[in-house]
Amino acid sequence: MGESRFDRLFIGGEWVEPIDGGLRGSIDPATGEPWGEVAFGGKADIDRAVTAAREAFEGPWRKMPGWERAALLRKFADLYATKVEALAQIESRDNGRAIRESRGDIGLHAQYYHWFASLTDKLSGRTIPMDDSVHAFTSRLPAGVIGTITPWNVPLMAAAWKLGPALAAGCTVVLKPAEHTPASSLALGRIFEEAGFPPGVVNIVPGDGPVAGAHLVAHPGVDKIAFTGEGATAKTILKTGADTLKRFSFELGGKAPHIIFDDANIEQALNAATGSAWALCGQSCALGSRILVERSIYDRVVKEFRERASRVKVGMPLDPAIHMGPQAHQDQLDKTLSYIGIGRDEGADLVAGGSRIDNTDLQGGYFVEPTVFSNVVPNMRIAQEEIFGPVASIIPFEGEEEAVAIANGTPYGLAAGLWTNDVGRAHRVAAQIEAGIVWVNTYRYIRWSTPYGGFKTSGWGRENGLEALDSYLETRTTIVSTTGQFPDPFVG
Ligand code: NDP
């Protein structure tokens, strides 16, 4: 399988043609034209991928000592590190992310795999004190075959966050990437192959969510679904998976508040707030899409946002000089433009951007201007709903109480940021935020070791950190009698 060939599925350690899927052109969002032929799997392809994963689980993988699994995962991670540039080019081509961002993100992934590799032989249980008549202990066992379903904004990152802990736990995997961005996930298969993973431990089947994805979710041979995507899809998945009562973990959307108090270092806060408003062209769950600004510094912050929006270089994703590429697909472009219309209709002030960029150089691509709304009211739809485009909504507030109320006033609870130089305030406010992660005087800084996931409708469970392993493990409690005596209950 060559570097840029994606016309086969990776199942049972082999590159195979789809049985009931087919080939499809993957669209380059910077041109609107197909850039590569990708294999899509159907239900029969999911069936054979699950069979391969089950055989690998029952066969070599589950029985392999942890330190051997660790060695393979480390080999994979080292190979991954040598392929960062190639993977970044594929991902930027497929989802339009600026190459400077793809390089930075993908450049970290090897360390995620290394970190989880280091845990493979440390999955120990506990001895439970009961009484002298028994010896009780727990064992940590792999959950089984994992169906991983990933989104289009960060396909390789979402894969790393799931495959790292799943493989470390001793599970096997069927990975179904998003239909808009399947190429980089298929490229992963080549690295697993080169690293010498046993056939079937990792299987990669691009396909349509309602067909291949739903079949994976309903499949009785799958023990758990690890999903990143929209809440509405998660609800459908729960219903589809209900009959088999499998396990689920969900990383869902966000509408993160980025709170700036007037005692903060405003310059640093602006760097973080503007950076996170427009990174990934706004297509990330953790971006601070609601900027909450204390009234006394509100006008200054709005002015700075407008000025910095004009400095964002929007252009072809593979150009290392550009900051922001296009939206990843036509539907997302339409969604973003529609929300910009909603913001105008709701009466927010459009202070920067607001339009599609369709000039000669960028014609046909799904480009949109970095956009800023000021005087946004917390209950406006642009302040409540996830847009997933480069649209910053700046909301004024007075004092801590109002800041916290606005921050917590959406159904989401994934991430939040706050800027203040008052250490007491930092702790006071952070402790009241309903979100899985709160950054103080920094933003979007995470590592393999930091648990990540949502409160409220932003998800179930945590990825990364020691917590991530839990969701790929079952606990068995064993209680052994030290006497072998069991009283006859029917005497007397
Ligand atoms: P979707 O929910 O639309 O899709 C996610 C995945 O689910 C895709 O692979 C999709 O396939 C698949 N899918 C769709 N329908 C079904 C179904 N019925 N059964 C099984 N699988 C299905 O999300 P997006 O791809 O649009 O991703 C954007 C969303 O992801 C945003 O809401 C964002 O907030 C969230 N996200 C959350 C993160 C977090 O860590 N909390 C990180 C990154 C993104 P197909 O592509 O064919 O539709």
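Rule-based calculations on the coordinates, nothing more; no lab input. Computed from a predicted model, the values in this text were never measured in an experiment. Cβ placement follows ideal geometry from the backbone for every residue including glycine, while neighbour counts extend to all protein chains displayed.
Quick look at the values:
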{"item": "Residue-count net charge about ASP208 - beta-carbon cut-off 11 Å; Lys, Arg +1, Asp, Glu -1", "result": "+2"}
{"item": "Radius, Kirkwood style, for region 200-250 when every pair of distinct Cα atoms is counted (Å)", "result": "11.3"}
{"item": "Estimated distance in nm for a label pair at SER133 and THR82, the labels positioned 7 Å out from Cα along Cα-to-Cβ", "result": "6.1"}
{"item": "Mean residue ellipticity (222 nm) of the chain, computed from DSSP H runs ≥ 4 via -39,500 (n - 2.57), nearest 500", "result": "-11000 deg cm²/dmol"}
{"item": "For region 316-431, diffusion coefficient by Stokes-Einstein and Kirkwood Rh (Cα), 10 °C, 1.306 mPa s, µm²/s", "result": "99"}
{"item": "Neighbourhood charge, 14 Å Cβ-Cβ cut-off, centred on GLY436 and excluding it, Lys, Arg +1 and Asp, Glu -1", "result": "0"}
{"item": "Calculated on alpha-carbon atoms, Rg and Dmax of the chain in Å", "result": "24.1, 95"}
{"item": "Relative contact order of region 270-341, defined on C-alpha pairs under 8 angstrom at six or more residues apart (%)", "result": "27"}
{"item": "Computed log₁₀ I(q)/I(0) - Debye formula, equal Cα scatterers, no solvent, region 158-292, q 0.10, 0.14, 0.20, 0.22 Å⁻¹", "result": "-0.46, -0.77, -1.17, -1.32"}
{"item": "Proportion of all alpha-carbon pairs of region 84-224 beyond 20 Å (%)", "result": "52"}
{"item": "Of VAL202, ALA214, CYS285, farthest towards positive along the dipole that unit charges on Lys, Arg, Asp, Glu beta carbons give the chain", "result": "VAL202"}
{"item": "Listed residue (SER296, ILE340, PRO129) projecting farthest to the positive dipole end of the chain, Cβ model", "result": "PRO129"}
{"item": "Rg over Rh, two decimals, region 82-161 (C-alpha only, Kirkwood Rh)", "result": "1.25"}
{"item": "Tilt relative to the chain, helix 155-169 - C-alpha long axis, 0 to 90 degrees, to 10", "result": "20"}
{"item": "Contour minus Cα-Cα distance for ASP299 and SER118 (0.36 nm per residue)", "result": "60.2 nm"}
{"item": "Charge sum, other residues only, whose C-beta stays under 15 Å from HIS135's C-beta, Lys/Arg counted +1 and Asp/Glu -1", "result": "0"}
{"item": "Unsatisfied cross-links (Cα-Cα over 22 Å) in the set LYS176/LYS313; LYS43/LYS224; LYS255/LYS335", "result": "LYS176/LYS313"}
{"item": "Anisotropy class of region 296-347 from Cα gyration tensor, a/c 1.5 cut", "result": "oblate"}
{"item": "Cα gyration tensor shape for region 25-94, rounded if a/c is under 1.5, else prolate or oblate", "result": "oblate"}
{"item": "Student exercise, region 402-492 dipole from Lys, Arg, Asp, Glu Cβ charges, in Debye to nearest 20", "result": "320"}
{"item": "Contact order normalised by residue count of region 257-404, Cα under 8 Å, 6+ apart, percent", "result": "28"}
{"item": "Diffusion constant of region 431-472 at 37 °C, which comes from Stokes-Einstein with the Kirkwood Cα-pair radius and 0.692 mPa s, µm²/s", "result": "296"}
{"item": "Size of electric dipole in region 269-334: Cβ of Lys, Arg +1 and of Asp, Glu -1, about Cα centre, debye, nearest 20", "result": "280"}
{"item": "Solution diffusion estimate, µm²/s, Stokes-Einstein, region 343-492, Kirkwood Rh from C-alpha pairs, 37 °C, viscosity 0.692 mPa s", "result": "166"}
{"item": "Computed over the chain: relative contact order in percent, which uses C-alpha pairs under 8 Å that are six or more apart", "result": "18"}
{"item": "Inter-centroid distance (Cα atoms) of region 185-263 relative to region 416-491, Å", "result": "20"}
{"item": "From the C-alpha gyration tensor of region 1-46, square roots of 5λ in Å", "result": "22, 13, 6"}
{"item": "Spin-label pair LYS313/SER355, simplified geometry with 7 Å Cα→Cβ offset, distance in nm", "result": "2.3"}
{"item": "Options HIS427, LEU350, VAL404, ranked by Cα towards positive dipole end of region 349-439, top entry (Cβ charges)", "result": "HIS427"}
{"item": "Cα-based shape type of region 397-467, given that a ≥ b ≥ c are square roots of the gyration tensor eigenvalues and the cut on a/c is 1.5", "result": "oblate"}
